[in-house]
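The values are calculated or read from the model by the stated rules, or taken from the named source; none is laboratory data. Since this is a predicted model, take the numbers as computed values, not measurements. With ideal geometry, Cβ positions are generated from the backbone for all residues, glycine too; neighbour counts draw on all protein chains shown. Only protein heavy atoms, including side chains, enter the accessible area calculation; ligands, DNA and RNA are left aside. Shrake-Rupley method; radii C 1.70, N 1.55, O 1.52, S 1.80 Å.
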Amino acid sequence: MADSGPTRGVTRAISLAVLVAALGYFVDIYDLILFSVVRVKSLKALGVPEPLLLDKGLLLLNMQMSGMLLGGILWGVLGDKRGRLSVLFGSILLYSVANIANGLVTTVAAYAALRFLAGVGLAGELGAGITLVSESMSKEHRGYGTMIVATIGILGAVVAVFVGETFNWRVAYFVGGGLGLGLLVLRVGVIESGMFQHLKSKAQHVERGNFFKLFVPLARARRYVAVILIGVPIWFVVGILVTLSKEFGEAMHMTVVPTPARAVLFSYVGLAIGDFGSGWLSQRFRSRRRIVGAFLVLTALFVAAYFVVGARSLGVFYAVCLALGVSTGYWAVFVTIASEQFGTNLRATATTTAPNFVRGAVVLLTSAFQLAKAPLGVVGSGIAVGAVTLLVAFVALAGLEETYGKDLDFLEP
């Protein structure tokens, strides 16, 4: 009985860490998807003429993605040097303030600058949150914690679609910023990772947060690149098949063309289901690799369904988007693998940069899609890019070790 008080205190601290990481990721996803939902109407409100909407929209998207790529490295390094908790709340504060400022812009130039700052802020939350949760929970149960973080976080997309379509675009940004600032109140009671505190106090001679050490020696570089590659199919589905659903619908001669907002909604509902399912299954079957492999097989099947039966009706198309969301809902397991593959002195750097490099891969995927579109057409290009992306992911997965139940209290030499 004497231990019941401290035990309850530790349990509350872990639960609060999971809750804060989950809600932080919720606001993260809210902002990412909100921009896609309000992009056109916000640019129109700023006086951008119809012929320039696509170009200006791509400018803002590229600014956001550039911020995320830079921010992923910045926050990852800080997470290993200064601590997981400081990065978690620093990133939330930055993207919350940037969100509120997004709702006040009057020029495209200011909008672009703030999307860059928002991207920097958005890059840090997930990696820091997953690292903190992974290091705070037992090796047998940490998969449940990361499952909860990803599942709750993905639902931010559903809320973003609802708010973005229902309210004025400025109000929608204010909501996102307000949610983030409100979340900072929960900081009270969240404690730093014990593994990191031990490393910081007992191993001052160990180099922490050196991003370039992820690329040497060659074996560690292969491990890091393989982690990134297994996540790329998720963003092929989201960034190309779902985001460009209108263009694919037209190319497949659908009578009623799907709207991207609805395609996003159905796919993210599926992603939430898939994240819960993949996380639970990885715990139930005590394997990360087998579950990711199974979900990659499902993704290949539903990508094929997208092109074979998706054009039959609008209902079938959205049903396939839902199924694609479920099959690519292994993001929870993906970020858990990223956390489990590396030692405590590089863990935050790897876990924060890997998801952002996966997101950044959308630029490469869309470029490849554009290049292949001329000779193959919209549908043929989508099939070709998807096939290559999935094949590379299967090969990368085969080269990764199983990390379920792995003791994370180790260092990278």
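Looking only at the stretch 14-32, residues that are modelled with pLDDT under 90 and either in contact with a strand residue (DSSP E or B) (Cβ under 6 Å, 6 or more places away or on another chain) or within 14 Å of residue 102 (Cα to Cα) (or both) come to 1 in all. Screening residue 254 against (1) part of a loop (DSSP other than H, G, I, E, B); (2) buried (at least 20 other Cβ atoms within 10 Å of the Cβ) leaves a single unmet condition, (2). For the stretch 319-354, filtering for residues that are within 25 Å of residue 306 (Cα to Cα), assigned to a helix (DSSP H, G or I) and not aromatic (Phe, Trp, Tyr) leaves 11.
If you go through the stretch 40-57 one residue at a time, how many are part of a helix (DSSP H, G or I) and either in contact with a Gly (Cβ under 7 Å, 6 or more places away or on another chain) or open to solvent by less than 80 Å² (accessible area, probe 1.4 Å) (or both)? Residues flagged as part of a helix (DSSP H, G or I) and either in contact with a Gly (Cβ under 7 Å, 6 or more places away or on another chain) or open to solvent by less than 80 Å² (accessible area, probe 1.4 Å) (or both) within the stretch 40-57 amount to 9. Restricting attention to the stretch 163-195, the residues that are assigned to a helix (DSSP H, G or I), among the aromatic types (Phe, Trp, Tyr) and more than 20 Å from the chain's Cα centre (by Cα) add up to 2. Taken together, 128, 150, 172 contain a single residue that is under 13 Å from residue 29 (Cα atoms), open to solvent by less than 10 Å² (accessible area, probe 1.4 Å) and not basic (Lys, Arg), which is 150. For residue 127, only one of the following conditions fails: (1) under 21 Å from the mean Cα position of the chain (by Cα); (2) more than 21 Å from residue 360 (Cβ to Cβ); (3) not charged (D, E, K, R). What is its number? Going through the list (1) under 21 Å from the mean Cα position of the chain (by Cα); (2) more than 21 Å from residue 360 (Cβ to Cβ); (3) not charged (D, E, K, R), residue 127 breaks only (2). Answer with yes or no whether residue 155 is more than 17 Å from residue 103 (Cα to Cα) and either modelled with pLDDT of 90 or more or assigned to a helix (DSSP H, G or I) (or both). Criteria met by residue 155.
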